[in-house]
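Right, one structure below, let's go through it.
Just so you know, all these numbers are worked out from the coordinates, no wet-lab data involved. Here the structure is a predicted model, which means the values were calculated and not measured. Neighbour counts are summed over all protein chains in view; Cβ atoms, including those assigned to glycine, are modelled from backbone coordinates with ideal geometry.
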Amino acid sequence: MKSNQPSATVRLLWAKARANPLLFAFILGLAAFSLYWPEQVPHYPAFVDWPTMFSLAGLLILTTAIKESSLFLHLARGILAKMAHERGLALLLVTFAALLSMFLTNDVTLFILVPLTLALHDNLRLDLAKFIIFEALAVNVGSSLTPIGNPQNLFLWHHAGVSFVRFVYEMLPLELVLLGMLLAFTCLVFKPTPLSLRPAGDARRVDRWLLAGSLTAFLLFLGAIELGHAGAGLAGVGLLSLFFFRRVLVKVDWLLLMLFLVMFIDLHLVAQIPLVRQVMASLGLAQARNLYLAGLVSSQVLSNVPAAMLLAKFSSNWVVLAYAVNVGGSGLVIGSLANIIALRMAGSPGIWLGFHKYSVPFLLATALAAFFLL
């Protein structure tokens with residue numbers, strides 16, 4: 001019995017690593033840094049951007065609570081029942097995903113829409129994997145607008161120290177271009193094929209108390225972040241959760257929070273490596289277009305969140321960097337955590353390869369369009 005314990009532990013760790021490859025890679029990186037650079041270990045807490053961590057934790061709790069209230073699931077099923085053809089359904093899902101991700105964050109939006117889309121399987125003879133791919137593109141696009149739409153924006157918002165309204169104002173031109181191109185691309189790919197739709201799945205009632213409490217807390221928490229009191233706001237959210245909706249806490253994506261924590265430390269250490277500093281200095285990041293191209297390329301290699309964290313150490317031009325990493329969320333699947341979440345939830349054979357059939361052309365088109373906005 002005891003001899004099986006090590007192998008069981010190894011299998012468990014391997015399963016966790018496969019489920020969260022990016023987190024696993026950054027943890028391995030942190031372990032390597034700790035062994036090679038042990039004198040830096042006591043300074044690790046100072047490398048973390050705690051206001052961003054507090055903001056992300058509070059938003060994860062509150063957006064999960066809003067999702068668990070079943071409001072959007074209820075509304076979406078009612079709307080979907082009125083769809084007449086494939087293109088209309090695709091446009092609805094894409095628009096809903098983009099709008100929802102502006103405020104509920106891109107990953108929470110996917111946790112609402114992907115299960116809903118999969119629930120249509122018994123009633124539709126359609127390529128639902130293609131719908132999920134476009135939902136992933138849509139949450140990358142929609143979340144670009146606001147500082148709370150995705151993790152990279154949240155980080156850059158705190159890093160820049162600008163107001164919520166100023167951030168939205170700066171990102172609005174990019175959002176309009178990306179959303180317009182996405183809707184046009186959706187119309188091109190999906191055909192007006194008639195469909196008969198009877199939404200499947202459970203018809204849970206909306207939890208009105210959970211919805212009212214989480215929405216109220218959400219607005220108050222945004223106010224606390226805006227006033228620079230994210231830590232106090234998180235304490236309030238934590239107490240509210242413990243007393244009134246404790247069941248939501250087990251549904252929160254705590255591994256995303258851990259990923260952020262480890263990334264802050266890893267990328268701070270990476271930025272101190274002399275060779276990395278030399279390479280960054282040679283890129284001419286003071287020029288907006290060089291920074292934009294560096295953000296696009298590094299998003300395809302590192303993913304857009306670590307790319308934003310790394311490049312922010314070498315440039316203060318947060319607007320150009322935000323343009324780059326948000327556009328860079330499309331393209332290769334590693335470009336955005338949202339892509340990985342959507343495709344893993346879909347569980348469809350071949351969807352990982354099929355994703356690039358649409359994401360790469362979309363990246364090329366949007367990257368060029370955004371380039372001329374700079």
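Here are the numbers for this structure:
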read-out: Total charge dipole magnitude, the chain, about the Cα centre, Cβ charges on Lys, Arg, Asp, Glu only, Debye to nearest 20; value: 820
read-out: Helical mean residue ellipticity (222 nm; -39500 (n - 2.57) per DSSP H run of 4+; nearest 500) of the chain; value: -24000 deg cm²/dmol
read-out: Under 5 Å, built H, 5+ apart or other chain: amide partners of Leu332; value: none
read-out: Exposure proxy order (Cβ contacts within 10 Å, fewest to most) of Asp107, Asp253; value: Asp253, Asp107
read-out: Candidates Val297, Val237, Val279, ranked by Gaussian network fluctuation over the chain, Cα under 10 Å, top entry; value: Val279
read-out: Semi-axis lengths (Å, descending) of the ellipsoid that matches the C-alpha gyration tensor of the chain; value: 32, 26, 23
read-out: Relative contact order (percent, whole number), the chain, Cα cutoff 8 Å, 6+ residue spacing; value: 24
read-out: At least 30 Å along the helix axis (C-alpha) and Kyte average at least -0.5, DSSP helices within the chain; value: 164-189
read-out: Theoretical gain in end-to-end length, Ile334 to Thr216 [0.36 nm per residue, Cα-Cα removed]; value: 39.0 nm
read-out: Compactness of the range 224-374 as Cα Rg over 2.2 N^0.38 Å, two decimals; value: 1.24
read-out: Likely footprinting exposure, Ser55, Ser298, fewest C-beta neighbours within 10 Å first; value: Ser298, Ser55
read-out: Lysine pair count for the range 46-371 [Cα-Cα under 18 Å; pairs on different chains or 8 or more apart]; value: 5
read-out: The range 106-179 and the range 243-295: distance between their alpha carbon centers, rounded to Å; value: 19
read-out: Distant-in-sequence amide H partners of His85 (H built 1.01 Å from N, under 5 Å); value: Leu195
read-out: Fewest-first ranking of Ile334, Ile148, Ile341, using other Cβ atoms within 10 Å as the exposure measure; value: Ile334, Ile341, Ile148
read-out: The range 40-100: C-alpha pair distances exceeding 15 Å, %; value: 68
read-out: Proximal charge balance of Thr105 [Cβ under 12 Å; K/R count +1, D/E count -1]; value: -1
read-out: Relative pair counts by distance (%), Cα atoms of the range 157-272, 10 Å bins; value: 9, 21, 28, 29, 12, 1
read-out: Shape box of the range 333-374 [Cα atoms, principal axes, largest first, Å]; value: 38, 18, 11
read-out: Where a label projected 7 Å from the Cα of Ile273 along Cα→Cβ would reach, residues of the range 308-323 with amide N under 19 Å; value: 308-315
read-out: Label-point separation in nm, Glu226 to Ser34, each point 7 Å along Cα→Cβ; value: 4.0
read-out: Most mobile listed residue (Leu227, Leu269, Leu291) in the chain, GNM with C-alpha springs under 10 Å; value: Leu227
